[in-house]
Amino acid sequence: MTEHASKQYDVDLDSIRSRVLQMGGLVESQIRRALEALASGERALIDDVIAGDQRVNAMEVALDGDCSQVIVKRQPAANDLRMIFAITKTVTDLERMGDEAQKIARMAKSIHERGGLHAAPLVEVRHASEHALSVLRRTLDAFARLDTVTAEEVIRDDARIDAEFRAILRQLITYMMEDPRTISTALDIVWIAKAIERIGDHAKNMAEYVIYIVKGTDVRHTGKPVGNFNET
Amino acid sequence: MSAPDMQMTTTLAPKADVKGLDFYYGDYRALNSISMPVYERQVTALIGPSGCGKSTFLRCFNRLHDLYPGNRYAGEIVLHPDNTNLLSAEVDPIEVRMRIGMVFQKPNPFPKSIFENVAYGLRVRGETSRRRIEEKVEQALADAALIGEVRNRMHEPAYNLSGGQQQRLCIARALATDPELLLFDEPTSALDPIATASIEELIHDLKERVTILIVTHNMQQAARVSDFTAYMYLGEMIEFGVTDELFIKPAKKQTEDYITGRFG
């Protein structure tokens, strides 16, 4: 992209964009470690993930402040305006993903304080979580490269995470019916599965903002994005 | 040139149509084949870097270039509803200026009283009735949102007014002859933010009765006050479109580079 006549404007925008990616990396790490904590029950890791959400929150506040400064100082227009607008929404989605990671860690704490996972069906949860992490990573790549093809793939993939969530629910209902003593643990796992499903939703939102930045087209709530997207 | 949003423009009638307009300062071609509509009772902003021809273009509408020898127009500016080609040699530029008012960058009141500044155009037109002149002056000052500030000082020199008031006086002077089209050439570049806001508010109110064409270097001003925006570069019309779209999603990369400050 051509540089601005004001070099400082470029520096400010580049700084904001790279810190969005840093925030994305932190959120990705929080989710991954929350899932590790769920599997291992390691108390220190659980506490670390819960406390780590403060860093995510602080990054959201700082980035919103920086976006406000760009608006005040530069009155961005066209693709710059779309970028700033999309970033303020992206950091909100990232912060909420951070909340979901914290929620997973809290559920992990509750499950392990109650005596562990026992025979809880976690294979599908692991699949869904790997899938959600992959979607988040690809969304961040799409944002970094302003790549609408990847963004469209991510939007399409969110439907798979939703389907996986519904499958987990069905499985957990069977699990609870077979042995009512597992209900507390199963409900915690439902919350974890829901958190993973929400992470997919937030990643999808972010992918929609990438399309908005690049093409200026708002594909939210339209059912399908622009471009070469073929609805399955 | 890209076409503006069809939904918006189908309900609008053009007050003027610019068709293949060229303009020459001697041998130098300053405008190159410009075509665009100027929609009735809408505000159209002309933006572009210094030297792009936007003020030259604006001045074609009231034949200001006729004042200097060697200047030459080609093409047409057709004013509706009577389809008069404003650039035709058979059309008297004085008549054109009666129908098309202009407000300049710096307020330029005449060295006369506030009242006489506004009455001037009416007197030139041959109006002799003192009562009618007083009514018209009062109405024009009201339309320019100045009457409340000058009602008791009508016969003071216009130079006693502040810069923002002087500019509104110039707008009142232009309005007094009931123009069909008002041209603004960077009308707020010499004013402070408060005076600028009052002029912008006035432009917003005036478009209910008059078509407005405004040249501005301030893109936020173009975004605030105009319904349509035209981006010009090197004497050419690069993009003309609905303002709300042009500042968020311009069709041309050249426009995007300019409005985002990537120009040059």
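Just so it is clear, none of the values below were taken in a lab; they were calculated from the coordinates. Not measured: the values here are computed from a predicted model. When we count neighbours, we look across all protein chains shown, and the Cβ atoms used for this are built from the backbone with ideal geometry, even at glycine.
Worth pointing out:
- Residue-count net charge about B:Ala145 - beta-carbon cut-off 9 Å; Lys, Arg +1, Asp, Glu -1: -3
- Candidates A:Val149, A:Gly200, A:Gln69 compared by Cα position along the dipole of the range A:7-215: farthest toward the positive end lies A:Gln69, with charges placed on Cβ.
- Cross-link reach is defined here as a Cα-Cα straight distance under 24 Å, omitting same-chain residues fewer than 8 places apart; for A:Lys204 the lysines meeting it are A:Lys89, A:Lys103, A:Lys194, A:Lys215, A:Lys224, B:Lys249.
- For B:Asp22, distant residues with modelled amide H under 5 Å away: B:Ser33, B:Ile34, B:Ala74, B:Gly75
- For the range A:19-58, alpha-carbon Rg over 2.2 N^0.38 Å: 1.16
- Dipole of the protein assembly as shown [Lys/Arg +1, Asp/Glu -1 at C-beta], most positive-end residue of A:Ala44, B:Leu12, B:Leu79: B:Leu79
- Amide H to amide H, with H built 1.01 Å from N, B:Leu46 comes under 5 Å of B:Ile214, B:Val215, B:Thr216, B:Ala230, counting only residues 5 or more places away or on other chains.
- Unit charges at the beta carbon, dipole of the range B:86-210: most positive-side option, B:Ala197, B:Ala119, B:Phe104: B:Ala119
- For the peptide B:245-257, the mean number of other protein chain Cβ atoms found within 10 angstrom of a residue's Cβ is 4.
- Helical runs assigned H by DSSP (4 residues or longer) give chain A a calculated mean residue ellipticity at 222 nm of -29500 deg cm²/dmol, each run adding -39500 (n - 2.57) before division by the residue total.
- For the range B:1-146, size of Cβ-based charge dipole, Lys and Arg +1, Asp and Glu -1, in debye: 380 debye
- Amide H contacts for B:Asn71 (H built 1.01 Å from N in the peptide plane; partners 5 or more residues away or on another chain; cut-off under 5 Å): B:Gly26.
- J(HN,Hα) series, the range B:161-169, from Karplus relation 6.51 cos²θ - 1.76 cosθ + 1.60, nearest Hz, glycine and proline x: 7, 6, x, x, 5, 4, 5, 5, 5
- Computed from the Kirkwood radius of its Cα pairs, the Stokes-Einstein diffusion coefficient for the protein assembly as shown at 20 °C and 1.002 mPa s stands at 80 µm²/s.
- Fraction of beta bridges assigned by DSSP in the protein assembly as shown that are antiparallel (%, nearest 5): 60 percent
- Net charge, B:Leu31 excluded, C-beta distance under 9 Å - Lys, Arg +1, Asp, Glu -1: -1
- Check: chain B dipole with +1 on Lys, Arg Cβ and -1 on Asp, Glu Cβ, in debye: 500 debye
- Between the helical axis of A:43-74 and the longest alpha-carbon principal axis of chain A there is an angle of about 20 degrees.
- Report note on the peptides B:40-53, B:80-93: ranked by the mean count of other C-beta atoms within 10 Å, highest first, their order is B:40-53, B:80-93.
- Volume per residue of the C-alpha convex hull in the range B:115-264, rounded to whole Å³: 129 Å³
- Quarter of Cα convex hull surface for chain B, i.e. mean projection, nm²: 14.4 nm²
- Rounded to the nearest angstrom and listed largest first, the equivalent-ellipsoid semi-axes of the range A:1-93 from its Cα gyration tensor are 34, 11, 10.
- On the principal axes of its alpha carbon atoms, the range B:209-264 extends 38, 24, 18 Å, with the longest extent given first.
- Shielding value for A:79-88 is 2, the average number of Cβ atoms from other chains within 10 Å of each residue's Cβ.
- Separation between Cα centres of the range B:115-168 and the range B:44-89, rounded to whole Å: 28 Å
- Cross-link reach list, aspartates and glutamates versus B:Lys252, counting only Cα pairs under 12 Å and skipping chain neighbours closer than eight places: B:Glu239
- The range B:244-255 - phi-based ³J(HN,Hα) in whole Hz, Karplus 6.51/-1.76/1.60, Gly and Pro as x: 4, 8, 4, 8, 10, 9, x, 7, 10, 5, 4, 5
- Note on the range B:1-149: Lys pairs 8 or more places apart or on different chains, Cα atoms under 25 Å apart, count 6.
- Against the empirical curve 2.2 N^0.38 Å, the C-alpha radius of gyration of the range A:4-160 lands at a ratio of 1.20.
- Taking a Cβ cut-off of under 12 Å around B:Glu239, the surrounding Lys, Arg, Asp and Glu residues balance to a net charge of -1, with basic ones at +1 and acidic ones at -1.
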